[in-house]
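Structure, as structure tokens:
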Amino acid sequence: MPHCILVPAGTPVTFRLASADVIHGFLLPDTNVNAMVVPGFVTEVRTHFDAARDYDMPCHEFCGYGHHAMWAHVSVVPKERFANLTPVERMSCAP
């Protein structure tokens, strides 16, 4: 999983998640996103974000050694900015 994902505000977003090892949790606090990611299955979560904002994305299901360091970010950006980003830029929060 990338360290940071950019998504457009005001647009339906679908996250598709898979685990190769153990059960993980996928949580975006203050949203409707809270899912289990189970090995052998694809977890699909649909949501939308009304406004630009950054979200922490921790693994909230204890998954073993290193669990405390399993986190990433979702950065919601204005739709106009998102349209001008390359696919590589959409997978990074670098300025």
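The values are calculated or read from the model by the stated rules, or taken from the named source; none is laboratory data. Remember, it's a predicted structure, so these values are computed and weren't measured experimentally. Virtual Cβ from ideal backbone geometry, glycine too; neighbours counted across all protein chains shown. The area values use the complete protein model at the heavy-atom level, side chains included, leaving out ligands, DNA and RNA. Shrake-Rupley method; radii C 1.70, N 1.55, O 1.52, S 1.80 Å.
What the table shows:
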quantity: Residue in segment 72-92 that is touching a helix residue (DSSP H, G or I) at 6+ places or on another chain (Cβ under 9 Å), open to solvent by less than 90 Å² (accessible area, probe 1.4 Å) and over 22 Å from residue 11 (Cα atoms) present; calculated: no
quantity: Residue that is open to solvent by 30 Å² or more (accessible area, probe 1.4 Å) and modelled with pLDDT of 90 or more, where the choices are 51, 20, 9, 35; calculated: 51
